[in-house]
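This report concerns only the one structure given below.
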Amino acid sequence: MEEKINEKVVKKSKKKVVITIVLIIVIILLVAGGFIFYHGNQTGKLIAEVNKMSEVQMMNEDGSLVENPIDMEIKTTGSYAVVEKTFKDYMNEIITDTQELANTLDEDKIMNLVSIENLKEDGPDFTKSKEEIATMKESISSYVTNMENVANEESLLARIEDKDVGEYYKELYRQLATDKESGASLKVAIEELKTNEEELVQGLDDLNSILNFLSENKNEWQIEENQIVFTTQSAYEEYSELMKTLPTMQ
């Protein structure tokens, strides 16, 4: 039974982290959507770097995170370099925050919360496990709030305003950063991200409810031969009902 719990929780964690990363990739893609064609070697290099950022991969095929997915080396010079660095700093900030969230929701950490070893070590009160769940929920909430503030057209465009470059280069940045549909698309992406936040938090709440039940009924279960065994039928039935909430985590 514990193996089933592990599998469901892990699927939920991995799915939602991947969804979150995909949403941020969508946001990144938008920056390359509206540029106009400019001639010249430096502009060509700049556009090439922006296009590379739109294709960035943050997760390997095995589910691990890519280290330093943004190439932070500046390929252009002069004022073009300022524009390039502004883009890369902005994208790197979003990706870094996303990867920090993914690390917080690491599969192994979540698996450990419901492992037999953790039931033995942290039970029957599960103080540490509940604190870890609270930390995960806070991280999710903080991440979404930060994305609402950062991953929007206003924030993206504002990054160039205080840079010591001429209006031509600021306009080049604006043209590279936006198109007619970017603002609406960013809002849709953030709304979807908030929906995923609610689903993931609910999944963690479901898991927390199981741990609360076990701690509140500590005298009615025990571990025997690496299995959880209940001493009363009523406790077993209530536990089974709580377990039915977990499919929402798949």
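The values are calculated or read from the model by the stated rules, or taken from the named source; none is laboratory data. Just so you know, these numbers come straight off a predicted model, no measurement behind them. Reconstructed Cβ throughout: ideal geometry from the backbone, glycine too, with neighbour counts over all protein chains shown.
Checked against the criterion of being surrounded by 16 or more Cβ atoms within 10 Å (Cβ to Cβ), free of Cβ contacts under 8 Å to residues at least 24 places away in the same chain, over 30 Å from Lys128 (Cβ atoms) and not aliphatic (A, V, I, L, M), region 89-111 contains one or more residues that satisfy it. Can you find a residue in region 37-52 that is over 30 Å from Glu220 (Cβ atoms), β-branched (Val, Ile, Thr), surrounded by 14 or more Cβ atoms within 10 Å (Cβ to Cβ) and modelled with pLDDT of 90 or more? No, region 37-52 contains no residue that is over 30 Å from Glu220 (Cβ atoms), β-branched (Val, Ile, Thr), surrounded by 14 or more Cβ atoms within 10 Å (Cβ to Cβ) and modelled with pLDDT of 90 or more. Can you find a residue in region 228-243 that is outside any helix (DSSP H, G or I), surrounded by fewer than 11 Cβ atoms within 10 Å (Cβ to Cβ), at pLDDT below 90 and not acidic (Asp, Glu)? No. Here Ser115 passes the criteria (1) surrounded by fewer than 14 Cβ atoms within 10 Å (Cβ to Cβ); (2) under 30 Å from Met136 (Cα atoms) except the one numbered (1).
Sub-7 Å Cβ pairs linking a first residue in region 121-132 that is part of a loop (DSSP other than H, G, I, E, B) to a second residue that is surrounded by fewer than 19 Cβ atoms within 10 Å (Cβ to Cβ), at least 6 apart or interchain, are Pro124/Ser215; Pro124/Lys218; Asp125/Ser215; Phe126/Ser215, ordered by first then second residue.
Please specify each residue of region 232-242 satisfying the condition of being among the hydroxyl-bearing types (Ser, Thr, Tyr) and touching a Phe, Trp or Tyr at 6+ places or on another chain (Cβ under 7 Å).
Correct list: Tyr236, Tyr239.
Residues in region 134-143 that are surrounded by fewer than 19 Cβ atoms within 10 Å (Cβ to Cβ) and of a type outside the set (S, T, N, Q) were compared, and the one that is farthest from Lys194 (Cα to Cα) is Ala134.
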